[in-house]
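Structure first, commentary second.
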Amino acid sequence: MASHSSLSNPKLLEPEDLTLPLGNDDLLIQVTSHAVFAQAHIEGAVLVEPAQLCCGIAPAVGKLPNISSLQQTLSRIGYRPERRVIAYDDEGGGWAGKLLWVMDAIGHADWAYLNGGLHAWAAAGGALSSGTFAAATDLPPIQLAINSQPIAEITDVLTAINEPAQVILDVRSRDEYLGLRSGSARAGHIPGAVNLDWELLKDPSRHWRLRENLREDFATLGIDQSTHVITHCQTHHRSGLSYLVGRLLGIDIRAYHGSWAEWGNDPDLPIE
């Protein structure tokens with residue numbers, strides 16, 4: 001079996017690390033559509049749909065939702081500050097990473113990612129359940145506060161452009177980065193940004209687990225534990241995964257949640 005030395009971290013769980021039934025101290029969250037959850041989920045998991053992690057307001061539809069929306073979403077799945085949150089999805093970590101970014105944004109430090117998510121769990125022989133998810137409506141409301149530390153805004157990105165110790169990590173496709181296609185009014189990338197397609201962070205040959213050599217891959221881009229990183233994509237979905245990888249590698253990383261949807265639609269911001 002390949003070594004996991006590059007990413008050994010208590011926040012990274014392999015399928016064999018997850019024992020069922022879950023204790024009350026763990027909250028296992030599947031971040032997929034309701035249809036996928038109904039078809040297949042890990043026993044005891046609750047559902048957060050991707051749209052619940054996004055504000056939905058154009059142009060930057062992927063920004064953090066407002067606090068009342070988050071409070072409603074999390075109270076209905078039984079979130080409590082003392083529980084460990086374990087996140088997974090069906091696509092190798094984009095949406096799960098975005099959920100864990102949200103956890104950081106509400107100051108919830110006790111979390112883990114199930115490596116490879118639904119695919120790796122099933123491939124390892126983990127049991128799958130079916131049936132729809134019914135969110136609880138009788139749980140007491142929760143009070144959250146936003147911790148802005150993992151969140152980057154336009155002003156943070158503008159500052160980072162001119163600071164050698166800061167790296168802007170764009171995880172869109174190479175074509176998007178080069179300006180050959182764009183989901184926004186303008187095409188190109190943020191000046192000085194480096195590019196690593198998010199697809200290269202996950203390994204289809206290992207059931208969408210994170211790739212083994214990510215620390216080395218980041219180092220070739222000039223990213224290590226001495227660097228401050230701001231990551232983004234088009235709507236801060238794909239960059240949910242690069243944010244997660246950065247956290248697992250012990251890198252000081254923030255996510256620019258407006259991403260290219262915001263930057264590429266603002267004629268006053270610089271592009272390359």
> In the set Val245, Val194, Val229, which member is of a type in the set (Val, Ile, Thr), under 25 Å from Ala122 (Cβ atoms) and at pLDDT 95 or above?
Replying inline: Val245
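Conditions (1) among the β-branched types (Val, Ile, Thr); (2) surrounded by 19 or more Cβ atoms within 10 Å (Cβ to Cβ); (3) at pLDDT below 95, marked per residue:
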site: Ala87; (1), (2), (3): no, yes, no
site: Val102; (1), (2), (3): yes, yes, no
site: Gly107; (1), (2), (3): no, no, no
site: His119; (1), (2), (3): no, yes, no
site: Thr132; (1), (2), (3): yes, no, no
site: Ala135; (1), (2), (3): no, no, yes
>> If Leu27 satisfies all but one of (1) in contact (Cβ under 8 Å) with a residue 60 or more places away in the chain; (2) under 21 Å from Ala120 (Cβ atoms); (3) more than 16 Å from the chain's Cα centre (by Cα), what's the number of the condition it fails?
In response: (1)
>> Taking the conditions exactly as written (under 30 Å from Ala185 (Cα atoms), more than 19 Å from the chain's Cα centre (by Cα) and surrounded by fewer than 16 Cβ atoms within 10 Å (Cβ to Cβ)), does Ala51 satisfy them or not?
In response: no
> With respect to the numbered conditions (1) without any contact (Cβ under 8 Å) to a residue 24 or more places away in the chain; (2) surrounded by 12 or more Cβ atoms within 10 Å (Cβ to Cβ), which one is the sole condition not fulfilled by Glu43?
Replying inline: (1)
> Can you spot a residue in segment 133-150 that is in a loop (DSSP other than H, G, I, E, B) and over 21 Å from Leu27 (Cβ atoms)?
Replying inline: yes
> So which residues in segment 167-190 are among the acidic types (Asp, Glu) and within 21 Å of the chain's Cα centre (by Cα)?
Replying inline: Asp170, Glu176
> Just checking, which of Ala40, Ala58 is within 26 Å of Ser130 (Cβ to Cβ), modelled with pLDDT of 95 or more, over 19 Å from the mean Cα position of the chain (by Cα) and not hydroxyl-bearing (Ser, Thr, Tyr)?
Replying inline: Ala40
>> Just to confirm my filter: which helices (runs of 4 or more DSSP H) fall fully inside segment 1-120 and include at least 3 residues that are in contact with a strand residue (DSSP E or B) (Cβ under 8 Å, 6 or more places away or on another chain), within 19 Å of His257 (Cα to Cα) and not assigned by TED's automatic domain parsing to the domain that holds Gly183?
In response: 94-105
>> Residues that are outside any loop (DSSP other than H, G, I, E, B) and either surrounded by fewer than 21 Cβ atoms within 10 Å (Cβ to Cβ) or of a type in the set (S, T, N, Q) (or both): does segment 178-190 have at least one?
In response: no
>> Pairs please, first residue from segment 152-168 and closer than 14 Å to Ile223 by Cα and charged (D, E, K, R), second anywhere and assigned to a strand (DSSP E or B) and modelled with pLDDT of 95 or more, Cβ atoms under 9 Å, 6+ apart in sequence or on different chains.
In response: Glu163/His228
>> If the requirement is being more than 19 Å from Ala96 (Cβ to Cβ), out of contact with any Lys or Arg (no Cβ under 6 Å at 6 or more places or on another chain) and among the β-branched types (Val, Ile, Thr), which of these qualifies: Thr235, Thr231, Thr227?
In response: Thr227
> Could you give every pair whose Cβ atoms fall below 7 Å, whose first residue belongs to segment 50-70 and is under 13 Å from Ile106 (Cα atoms), and whose second residue is of a type in the set (Lys, Arg) and buried (at least 20 other Cβ atoms within 10 Å of the Cβ), counting only separations of at least 6 or pairs across chains?
Replying inline: Leu53/Lys98
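The values are calculated or read from the model by the stated rules, or taken from the named source; none is laboratory data. Just so you know, these numbers come straight off a predicted model, no measurement behind them. In this analysis, Cβ positions are derived from the backbone assuming ideal geometry, glycine residues included, and neighbour counts consider all displayed protein chains.
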